[in-house]
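Inspection log for the structure reproduced underneath, given as structure tokens.
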Amino acid sequence: MRTTRAMVAGLAGLAALVPTQALSQAEDVGRDVPMIARGAPVSQQDANTTSGRPVLLFHYVHIGARCGPDAVAIQVTTPPAHGTLTIEDGEERPWSGGRPLFGPDDPRARCGNRLAATKDGVYTPAPGFVGHDSMVVQFTEAGATLADAIEVSVR
């Protein structure tokens with residue numbers, strides 16, 4: 001199992017679906033939101049939020065060689081103590097840092113010019129909560145497991 005740590009200064013990557021309305025209220029972190037995928041390098045993130053305001057933490061790209069969605073199991077192995085982490089289905093171009101997410105030897109590399117299925121993680125701090133929170137999210141796809149440890153600071 002590979003473990004990464006995403007530091008979220010002010011706020012930092014599943015259990016229920018979050019309504020689209022919640023995402024529209026999340027801070028717009030756009031291209032800085034980490035793209036996570038089986039076998040791809042993992043990026044780090046710094047984000048901020050205020051008490052009670054949702055923030056988009058990550059996009060998990062789950063596509064196969066034919067560019068269609070692959071089955072992925074997502075489990076919160078350590079839930080946040082002072083908020084909720086929810087997942088929504090999304091679509092994003094599989095690029096990170098201005099480069100394709102998948103290397104040239106990966107059959108999914110040809111999917112870089114189209115939108116790919118994602119699972120998008122949104123953290124919402126509990127009303128009135130200010131301080132630090134943390135969680136661990138585990139992704140399992142095609143027999144590979146990735147754990148993402150996320151620390152959150154809410155202002």
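The values are calculated or read from the model by the stated rules, or taken from the named source; none is laboratory data. From a predicted model like this one, the values you see are computed outputs, not experimental measurements. Every residue, glycine as well, gets a Cβ built from its backbone with ideal geometry; the counts of neighbours run over all protein chains shown. These area figures cover heavy atoms from the full protein model, side chains too; ligands, DNA and RNA do not enter into them. Shrake-Rupley method; radii C 1.70, N 1.55, O 1.52, S 1.80 Å.
Tell me which of these residue 90 doesn't satisfy, since it passes every other one: (1) open to solvent by less than 60 Å² (accessible area, probe 1.4 Å); (2) assigned to a loop (DSSP other than H, G, I, E, B).
(2) is the only condition that residue 90 fails.
Please work out if residue 149 is under 19 Å from residue 72 (Cα atoms) and either touching a strand residue (DSSP E or B) at 6+ places or on another chain (Cβ under 8 Å) or among the polar types (S, T, N, Q) (or both).
Working: under 19 Å from residue 72 (Cα atoms): yes; either touching a strand residue (DSSP E or B) at 6+ places or on another chain (Cβ under 8 Å) or among the polar types (S, T, N, Q) (or both): yes.
The answer is yes for residue 149.
Quick one: is residue 117 on the phi < 0 side of the Ramachandran plot, open to solvent by less than 40 Å² (accessible area, probe 1.4 Å) and among the small types (Gly, Ala, Ser)?
Considered against the rule, which asks whether it is on the phi < 0 side of the Ramachandran plot, open to solvent by less than 40 Å² (accessible area, probe 1.4 Å) and among the small types (Gly, Ala, Ser), residue 117 comes out as yes.
Out of 14, 23, 56, report the one residue that is at pLDDT below 90, closer than 27 Å to residue 111 by Cβ and assigned to a strand (DSSP E or B). Break it down stepwise before answering.
Working: 14 fails: assigned to a strand (DSSP E or B); 23 fails: assigned to a strand (DSSP E or B).
On inspection, the qualifying residue turns out to be 56.
Would you mention how many residues in the stretch 93-121 are assigned to a helix (DSSP H, G or I) and of a type outside the set (Gly, Ala, Ser)? Before the answer, list the steps.
Of all residues in the stretch 93-121, those assigned to a helix (DSSP H, G or I) come to 107-113.
Pick out the ones that are also of a type outside the set (Gly, Ala, Ser) and you get 107-108, 110-111, 113.
Going through the stretch 93-121 one residue at a time, the tally reaches 5.
When you look at residue 100, is it at pLDDT below 95, farther than 18 Å from residue 141 by Cα, of a type outside the set (A, V, I, L, M, F, W, C) and touching a helix residue (DSSP H, G or I) at 6+ places or on another chain (Cβ under 6 Å), yes or no? Full working, then the answer.
On the way: at pLDDT below 95: yes; farther than 18 Å from residue 141 by Cα: yes; of a type outside the set (A, V, I, L, M, F, W, C): yes; touching a helix residue (DSSP H, G or I) at 6+ places or on another chain (Cβ under 6 Å): yes.
It is true that residue 100 is at pLDDT below 95, farther than 18 Å from residue 141 by Cα, of a type outside the set (A, V, I, L, M, F, W, C) and touching a helix residue (DSSP H, G or I) at 6+ places or on another chain (Cβ under 6 Å).
Could you grab me the full set of residues in the stretch 107-155 that are more than 16 Å from residue 85 (Cα to Cα) and touching a His at 6+ places or on another chain (Cβ under 6 Å)?
117, 141
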